[in-house]
1. Kindly list the residues of the stretch B:128-167 that lie in the label zone of residue B:311, defined by a backbone N under 18 Å from the point 7 Å along the Cα-to-C-beta vector.
2. Roughly speaking, to the nearest percent, how much of the protein assembly as shown's 1.4 Å accessible area is carbon and sulfur?
3. Restricting the count to DSSP beta bridges whose residues both fall in the protein assembly as shown, what percent are antiparallel, rounded to a multiple of 5?
4. Name the trypsin sites (Lys or Arg not before Pro) in the stretch B:1-92 that are in a loop by DSSP and that have at most 15 other C-beta atoms within 10 Å, would you?
5. Go through the stretch A:270-285 and flag every residue whose accessible area shrinks by 20 Å² or more with all protein chains in place compared to the isolated chain (probe 1.4 Å).
6. Write out the GluC sites (Glu not before Pro) in the stretch B:43-150 meeting two conditions: DSSP loop, and at most 15 other Cβ atoms within 10 Å of their Cβ.
7. Which distances, in nm and shortest first, link the residue A:207 label point to the same label point in every other copy, taking 7 Å along Cα→Cβ?
8. Trypsin sites (Lys or Arg not before Pro) within the stretch B:239-328: which are DSSP loop residues with at most 10 other Cβ atoms inside 10 Å?
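The values are calculated or read from the model by the stated rules, or taken from the named source; none is laboratory data. No experiment lies behind these values; they were computed from the predicted model shown. Neighbour counts are summed over all protein chains in view; Cβ atoms, including those assigned to glycine, are modelled from backbone coordinates with ideal geometry. Note: accessible area is taken over every heavy atom of the protein model, side chains too, but ligands, DNA and RNA are not part of it. Shrake-Rupley method; radii C 1.70, N 1.55, O 1.52, S 1.80 Å.
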There are 2 protein chains.
Amino acid sequence: MKKLINKVDDVLTESLLGFGAAHGDLVSVTLEPKFVTRAGGTPKGKVALVSGGGSGHEPLHAGFVGKGMLDAACPGEVFTSPTPDQMLAAAESLGATAGILFIVKNYAGDIMNFEMAAEMLGGDHATVVTNDDVAVEDSLYTQGRRGVAGTVVVEKVVGAAAEAGADLAVCKVLGDRVNAATGSMGIALTSCTVPAAGKPTFDLGADEMEMGVGIHGEPGRRRVKMMTAEAIVAEMFQAITSSLKPKSGEPVILLVNGMGGTPLMELYLVYNAARRLCEDRGLKVARSLVGNFCTSLDMAGCSLSITKADDEMLNLWDAPVHTAALRW
Amino acid sequence: MKKLINKVDDVLTESLLGFGAAHGDLVSVTLEPKFVTRAGGTPKGKVALVSGGGSGHEPLHAGFVGKGMLDAACPGEVFTSPTPDQMLAAAESLGATAGILFIVKNYAGDIMNFEMAAEMLGGDHATVVTNDDVAVEDSLYTQGRRGVAGTVVVEKVVGAAAEAGADLAVCKVLGDRVNAATGSMGIALTSCTVPAAGKPTFDLGADEMEMGVGIHGEPGRRRVKMMTAEAIVAEMFQAITSSLKPKSGEPVILLVNGMGGTPLMELYLVYNAARRLCEDRGLKVARSLVGNFCTSLDMAGCSLSITKADDEMLNLWDAPVHTAALRW
């Protein structure tokens, strides 16, 4: 294992310290317990959005803390759920006056811990569970479908609604609606390597790839021989549209997400292939996002996400956002 | 070689098509010959900034085309200089009324081709050559020092000046001044793989790294055993500050740049180490940038850049920028 780290046990702390120092205008970082909050606090009367999950998916979620998106993020150790006390401390630190919406990717550990935190918290709260990954039902850490890069779309759209004054019930319904309108699928050309493990999570041959991989390296649909980008994208697109069943003429948000080790040049090439497939099917690519947003450490690979977006979602997508990883 | 591509010969074209389609509000992409220009054209009376170089360093340079930064970028094939006709076509397409400033990284092929294009172009033009890499004098493709990630700082600061109405002579002097105030050094944990070559550019043992590597995988200062992030950053910091000789109390822009295959979590950890060294030396980290800006395909590694920044540079750094890869 070759990584830019010092001691394995200090990776998360030192990375968070760097993140906080680099973005001191946007966020505050707390280390005991670990959470990241929006600098200046949650505006009075605004629903507070709290997300989190295992680290190793950066910029998800801390990179999305700021105006127009999240109020707090709780990073667990790499690929490990944050603890209820982290979530509770983060939520309590916000002094939220209009309730708290938890946005949780569908992994058993995250679900259990966020539920415990919500129970301990009391007060007005609700939870949106994201499960956009169409690749497999049930997986290594998940009952049902996994929550992956589509979570970014949920956090952006609901974050804008909360910023505009939507109440907790509206934010909850909207979050569930965006999640249901979103499908994703990922592929891996290489494994990732968890620092504490010191070796690749799984083995892939020099001519193999994993179709439908999870963001922790969980198995996908099948191990296949390496294919062209077009063939890979076609399979991802087919899987997503079989699930979402978008109508011809429907506007979509198209997200090509890098897994961490794949260069931008390839991601734009993948986007080109995905966009053509959308157009061939009569879908209107209304908004696009290409880059590393929900990663899997150093994994080479990517995911494709499609959100069927109505005018309300598109307007919220366009609303200003000011975070470390998304800004417009 | 496992890459998300179709045919090796089509990588650049398909990636540019994707880039243009994803950012149609910001850029126009021309394929014959290949160049990327700012959507809506160069404002009348504004100095036009034109950069370019071999592809494989994305988002550099096309990702920096837009308001407040570049007017055009000319991407060559991977790690290959663009041709004079590309540069000429890009420059002529701008209809620049206040002259053209070329920003060129110091590689022999780029220098020669940009000089030829400038000669063919005639009219008012000037060139800023960046050579911020303190690692080595003379290298595989370079006489003198190489131009690397510090080029991003030059393009941002001069881009803001041009947007604010600075004339060609002022932009040229400013560009040279920012370049002289900037030092960078890179390291590689793995090689990159050029699609047309199909295999890694160089070999690194499982416990080795290259200290001072170039952004095409050119040799650095020495091949060493893998070290901790702190030790790596200390050596980069020492090399840069030996060259720049910043004074205690001096404000700096601190840039931690990923080479393409290194996750953000590690880049923030590197930033944390670099920032501490700056502070220990009495430098004031006035602005920070962490992410993938001047990459080397899928290379794992990073570079550190420090710019001694006066108030003028900091104000220009803060000025609005609206490009695919930098936006505030």
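1. Residues B:161 qualify, since their backbone N sits under 18 Å from the label point.
2. About 52 percent, which is the carbon plus sulfur part of the accessible surface.
3. Counting DSSP beta bridges with both partners in the protein assembly as shown, the antiparallel share is about 55 percent.
4. Sites meeting the loop and neighbour criteria: B:7, B:44.
5. A:271, A:272, A:275
6. Working: sites: B:77, B:92, B:115, B:119, B:137; in loops: B:137.
Of the GluC sites (Glu not before Pro), the ones in loops of the stretch B:43-150 whose Cβ has at most 15 other Cβ atoms within 10 Å are B:137.
7. 3.3
8. B:247
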